[in-house]
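All remarks here apply to the structure that follows.
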Amino acid sequence: MFLLSIRRSGLQAAILLIFYLGTLYGLKFSALPGLLSMGLVAAISLCFFAELNRLLGRSKHSLLAIHFNDLDVRLIYPRNETRVVLSRISYFSEWLIVLDFSGKQGASISWTRYFDPHRFVALWPDSLSEPDRRRLRRYLLFELN
């Protein structure tokens with residue numbers, strides 16, 4: 001039916017940066033021993049840089065596009081593509097749309113079904129172009145039922 005091209009979201013990157021810096025700032029004032037505190041700083045920094053790589057599109061887990069068909073949905077990543085079903089809309093507003101996808105019904109049993117049964121996709125206002133955002137909102141509001 002239609003293809004949505006996903007763009008990098010500067011809003012999502014800014015929110016993540018604020019949360020990660022706030023966490024590091026809170027660790028500065030904690031009463032944890034020095035070695036434990038340094039280990040937590042290293043772990044939080046690694047998580048931040050992994051998330052930043054995903055947001056910048058340099059990771060194999062970066063979502064490139066969503067293709068809505070009549071029967072299923074394809075999530076397109078740099079190295080693969082996954083067929084899923086839109087199970088529900090977790091959140092819907094002007095600023096954020098969170099879609100909950102699950103494994104395709106009737107599909108053969110695969111490892112991803114056991115370890116990753118749900119995929120949540122957060123779409124920020126700057127993640128989609130204006131025509132794509134209108135098309136998705138119309139689809140979710142009127143055509144999905």
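FYI, it's all coordinate maths here, none of it is from the lab. Being a predicted model, the structure only gives us computed values, none of them experimental. Heads up, the Cβs are rebuilt from the backbone with ideal geometry, glycines too, and the neighbour counts pull from every protein chain shown.
Quick look at the values:
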| item | result |
| --- | --- |
| Within segment 66-92, considering residues that are of a type in the set (A, V, I, L, M) and exposed (fewer than 14 other Cβ atoms within 10 Å of the Cβ), the one nearest to residue 28 (Cα to Cα) | 89 |
| Spans of strands (runs of 3 or more DSSP E) in segment 2-82 with at least 2 residues among the aliphatic types (A, V, I, L, M) and out of contact with any His (no Cβ under 9 Å at 6 or more places or on another chain) | 65-68 |
| Filter result for residue 101 (of a type in the set (Phe, Trp, Tyr) and loosely packed, with under 11 Cβ neighbours inside 10 Å) | no |
| Residues that are of a type outside the set (Asp, Glu) and over 14 Å from the mean Cα position of the chain (by Cα), drawn from segment 87-100 | 87, 88, 92, 93, 95 |
| Selection within segment 41-91 - aromatic (Phe, Trp, Tyr) and closer than 16 Å to residue 124 by Cβ | 91 |
